[in-house]
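A short worksheet on the structure shown next.
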Amino acid sequence: MSGPLAGIRVLDMTSVLMGPYATSILGDMGADVVKLESPEGDLIRQVGPSRGGTMGGMFMHANRSKRSIAVDLKQAAGRDVALALARTADVLVYNLRPQAMERLGLGYEAVAAARADIVYVGTFGFGQDGPYAAKPAYDDLVQGLCAVPALIADAGDGTPRYAPINIADRVVGLHALAAILAALRHRDRTGQGQRIDIPMFETMASFVLGDHLGGLSYDPPLDGGGYARLLAPDRRPFRTADGYLCAVIYTDRHWQRFMEIAGRKDWRGDPRFASHASRTRHMAEIMTAIAAIFAGRPTADWERLLSEADIPHARMHTLESLLRDPHLAEVGFFPVSEHASEGRVRTMRVASRWSASQPAPGRAAPRFGEHGRDVLREAGYAEETIEQFIAAGIVAGLEPEP
């Protein structure tokens, strides 16, 4: 493996999306990520179509740059395998509840006894010093607790809805990534490992409220919270005469130019448009007014007019048209490669550009348990012991050698 994290080993005991998303980025950066799966395999392997039935697209993208070993942690020998792997790891990441890790004999104290300077990271639902500590958490539940459906209802037809992406999993996964990198830096300076808890609820609450706490930031409150621009019902892609177009009319200059091309010079003396603050206060009615204006011309006309006025705009893609975007094609964003079991697959390159240590996927997403023998050898197990583990079902996904 190459990249800025070459030489770092991560024991990835996460499943589904939040943890795997974070660890896949570590893998792209060059870390050796060993994904420890249960004998049933990561549930997300089954999500979406795949040629083999266990390599769905979401799994493929969240688990590239990793190796897979499947271990039955409910057996004492399986727990010992996990501790042996932790002894070789710089980072252990899990997304079981901490109570479950303790029951497995893999709590922080047990793992730190195997490797004192390990960075031990838990990504789970709730902080352990509050009344929700033992509750399970999923993306939808955390969205609801953090008011995302309520905000969507306020901005729409009054019906609460979840955001149609796993926004909590991915936001919290990125926070986990940042915490892991910072903890490794701390260890570089001090030699000290540590336990880090990254709760979904608190992390996502700060993400949402950064935009919407507003006047509730003050005591007593100045208003009921909420960012008016984001909650305007007509803040959406504008319907044109023949399609849709996204446009952001934001600065004073943008508005002066839009008034010109829209034929609304009368707005120049309207106090609602006088400043960013006043536009924000009246954003709902302003967005409704400009939505009616956009409906009067075809998309191509608006693209030309907005380009000439230097007003930011973009076409609204579908998933299929996004794959044909000319910019993404030019930068080579969707490389196609050959997967050992899935054939030709499309992936996504690392978006950032580095001048000295460019991250890149080191390998395709692993088949279930396919690297078990190699990982156990690296942990110091003899060939005979490895074959005994496979025969006894302690290590899954492999057939015993004859």
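Structure values in brief
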| read-out | value |
| --- | --- |
| Test: residue in the stretch 267-284 that is surrounded by fewer than 12 Cβ atoms within 10 Å (Cβ to Cβ) and over 36 Å from the mean Cα position of the chain (by Cα) | yes |
| Criterion (of a type in the set (Asp, Glu) and either under 22 Å from Ala114 (Cα atoms) or surrounded by 14 or more Cβ atoms within 10 Å (Cβ to Cβ) (or both)) met by exactly one of Asp157, Asp188 | Asp188 |
| Some residue of the stretch 330-341 being touching a residue at least 24 places away in the same chain (Cβ under 8 Å), assigned by TED's automatic domain parsing to the domain that holds Ile25 and in a loop (DSSP other than H, G, I, E, B) | yes |
| Selection count where residues are part of a helix (DSSP H, G or I) and under 18 Å from Ser24 (Cβ atoms), scope the stretch 364-390 | 1 |
| Test: residue in the stretch 292-301 that is more than 30 Å from Ile394 (Cβ to Cβ), buried (at least 17 other Cβ atoms within 10 Å of the Cβ), in contact with a Gly (Cβ under 7 Å, 6 or more places away or on another chain) and modelled with pLDDT of 95 or more | yes |
| Unique residue being assigned to a helix (DSSP H, G or I), assigned by TED's automatic domain parsing to the domain that holds Val93 and surrounded by fewer than 17 Cβ atoms within 10 Å (Cβ to Cβ) when the list is Asp129, Asp140, Asp117 | Asp140 |
| For Arg344: the one exception among (1) out of contact with any strand residue (DSSP E or B) (no Cβ under 8 Å at 6 or more places or on another chain); (2) part of a strand (DSSP E or B) | (1) |
| Test result for Gln192, in contact with a helix residue (DSSP H, G or I) (Cβ under 7 Å, 6 or more places away or on another chain) and more than 20 Å from Pro149 (Cα to Cα) | yes |
| Single match in Gly144, Gly158, Gly173 (criterion: closer than 23 Å to Ala31 by Cβ and of a type outside the set (A, V, I, L, M, F, W, C)) | Gly173 |
| Residue that is surrounded by the fewest Cβ atoms within 10 Å (Cβ to Cβ), among those in the stretch 13-55 that are over 17 Å from the mean Cα position of the chain (by Cα) and without any contact (Cβ under 8 Å) to a residue 24 or more places away in the chain | Pro49 |
| Only one of Asp157, Asp197 that is among the acidic types (Asp, Glu) and either outside the structural domain of Asp139 (by TED's automatic domain parsing) or closer than 30 Å to Ala284 by Cβ (or both) | Asp157 |
| Any hit, the stretch 241-259, residues being outside the structural domain of His276 (by TED's automatic domain parsing), of a type in the set (D, E, K, R) and not in a loop (DSSP other than H, G, I, E, B) | no |
| Of the criteria (1) surrounded by 12 or more Cβ atoms within 10 Å (Cβ to Cβ); (2) in a strand (DSSP E or B), which one Pro361 fails | (2) |
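The values are calculated or read from the model by the stated rules, or taken from the named source; none is laboratory data. Model, not experiment: these values are computed from the prediction. Neighbour counts run over all protein chains shown; Cβ positions are idealised from the backbone, glycine included.
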